[in-house]
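A.B. asks: One structure is given below, represented as structure tokens, and several questions about it will come after.
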């Protein structure tokens, strides 16, 4: 993903609120399922790493990046911005594609 594409996605995500929270259980199978389901419907989501999470935001980003074609667009504080294009009907068209 190019810098221009990341910049475009950050602009789209500005008004989004986190839809998945990673808490004291960390990145469990259930968390991966929730993230996958949200990305299937929205393509672009924010995930919040809670204070009581055993993983840091960097560790969460490393585990999520590339998992089932998930791209970590940005990490700001405890919030991750994730993107995955819809396999059949993409809504977001990235510049340069």
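The values are calculated or read from the model by the stated rules, or taken from the named source; none is laboratory data. Bear in mind that the values here come from a model prediction, so they are computed numbers and not experimental data. Ideal geometry is used to build each Cβ from the backbone, glycine not excepted, and the neighbour counts take in all protein chains shown.
A.B. asks: Looking at (1) at pLDDT 95 or above; (2) closer than 14 Å to residue 22 by Cβ, can you tell me which one residue 83 breaks?
C.D. replies: Condition (2) is where residue 83 drops out.
One line per residue, one yes/no per condition, for (1) surrounded by 15 or more Cβ atoms within 10 Å (Cβ to Cβ); (2) in a loop (DSSP other than H, G, I, E, B); (3) out of contact with any strand residue (DSSP E or B) (no Cβ under 6 Å at 6 or more places or on another chain):
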position: 8; (1), (2), (3): yes, no, yes
position: 16; (1), (2), (3): no, yes, no
position: 24; (1), (2), (3): no, yes, yes
position: 33; (1), (2), (3): no, no, yes
position: 68; (1), (2), (3): no, no, yes
position: 82; (1), (2), (3): yes, no, no
position: 90; (1), (2), (3): no, yes, yes
position: 93; (1), (2), (3): no, yes, yes
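A.B. asks: Could you tell me whether residue 20 is under 22 Å from residue 5 (Cα atoms) and either free of Cβ contacts under 8 Å to residues at least 60 places away in the same chain or not in a loop (DSSP other than H, G, I, E, B) (or both)?
C.D. replies: no
A.B. asks: Let me ask you something else. Return the pairs, sorted by first residue and then second, in which the second residue is surrounded by 14 or more Cβ atoms within 10 Å (Cβ to Cβ) and not in a helix (DSSP H, G or I), the first residue lies in the range 59-73 and is at positive phi, the beta carbons are less than 7 Å apart, and the residues are 6+ apart or on different chains.
C.D. replies: If the second residue must be surrounded by 14 or more Cβ atoms within 10 Å (Cβ to Cβ) and not in a helix (DSSP H, G or I), the pairs left are 69/84.
A.B. asks: Sticking with this one: Tell me, please, whether a residue that is farther than 19 Å from residue 18 by Cα and not in a strand (DSSP E or B) can be found in the range 42-50.
C.D. replies: The answer is no; no qualifying residue exists.
A.B. asks: Does residue 75 count as in contact with a helix residue (DSSP H, G or I) (Cβ under 6 Å, 6 or more places away or on another chain) and modelled with pLDDT of 95 or more?
C.D. replies: The answer is yes for residue 75.
A.B. asks: Which condition breaks for residue 54 when tested against (1) in contact with a helix residue (DSSP H, G or I) (Cβ under 9 Å, 6 or more places away or on another chain); (2) part of a loop (DSSP other than H, G, I, E, B); (3) at pLDDT 95 or above?
C.D. replies: Just one mismatch for residue 54, condition (1).
A.B. asks: In the range 36-58, what residues are surrounded by fewer than 16 Cβ atoms within 10 Å (Cβ to Cβ) and touching a residue at least 24 places away in the same chain (Cβ under 8 Å)?
C.D. replies: Result: 36, 40, 50, 51, 52, 54, 55.
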